[in-house]
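So the structure is just underneath, and the comments pick up after that.
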Amino acid sequence: MLKIKKVTQDNVVILRLSGELNFHTSTELRAVLEEVVSDEFRALLINFDELSLIDSSGIGMLLLASKEMEKKNRKTILIAHQFVWELLNITKLTEFFEKASNEKEAEAIAARSA
């Protein structure tokens, strides 16, 4: 089960994910990302603090979001457990995302990109 909470704050969209992001739940995230990417804002912050599992389908959704954001000159910032960063590092995908340790740091990164 995946829960997605969307918040817009200071022209930054924050997605707080909890549960499992996998083949069965990635379509839920895709629908939210398609809606979010079409909106006008400065950066997308995805918070994985409450995420317990991510598989290749979830990684694919993140990559899709990052590519769409890049086309619009916007940043994608991730807050994630070490296991998510290790997975992104192993798959050589860390270059597509900004890394933050908490939402305050992520908002500062977003502000610098304005």
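The values are calculated or read from the model by the stated rules, or taken from the named source; none is laboratory data. Just so we're clear, the structure is a prediction, and the values are computed from it rather than from any experiment. Counting neighbours? That spans all protein chains shown, and the Cβs are built from the backbone with ideal geometry, glycine included.
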**Q.** Whichever residue in region 20-40 is of a type in the set (D, E, K, R) and part of a helix (DSSP H, G or I) and, among such residues, is farthest from Ala111 (Cα to Cα)
**A.** Glu28
Q) What tally of residues in region 91-107 results from selecting those that are hydrophobic (A, V, I, L, M, F, W, C) and modelled with pLDDT of 90 or more? A) 2
Q. Quick check: anything in region 77-88 under 20 Å from Glu107 (Cα atoms) and touching a Ser or Thr at 6+ places or on another chain (Cβ under 8 Å)?
A. yes
Q | Any strands (runs of 3 or more DSSP E) falling wholly within region 41-114 and containing at least 2 residues that are of a type in the set (D, E, K, R) | A | 43-54, 98-100
Q. Tell me, which residue of region 23-46 that is without any contact (Cβ under 8 Å) to a residue 60 or more places away in the chain and touching a helix residue (DSSP H, G or I) at 6+ places or on another chain (Cβ under 6 Å) is surrounded by the fewest Cβ atoms within 10 Å (Cβ to Cβ)?
A. Phe23
(Q) Can you confirm whether Thr27 is hydroxyl-bearing (Ser, Thr, Tyr), closer than 16 Å to Met1 by Cβ and over 13 Å from the mean Cα position of the chain (by Cα)? (A) yes
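Residue by residue, here is whether (1) over 24 Å from Arg112 (Cβ atoms); (2) in contact with a Cys (Cβ under 9 Å, 6 or more places away or on another chain); (3) surrounded by 20 or more Cβ atoms within 10 Å (Cβ to Cβ); (4) touching a residue at least 12 places away in the same chain (Cβ under 8 Å) holds:
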residue: Leu53; (1), (2), (3), (4): yes, no, no, yes
residue: Ala65; (1), (2), (3), (4): no, no, yes, yes
residue: Glu68; (1), (2), (3), (4): no, no, no, yes
residue: Asn89; (1), (2), (3), (4): no, no, no, no
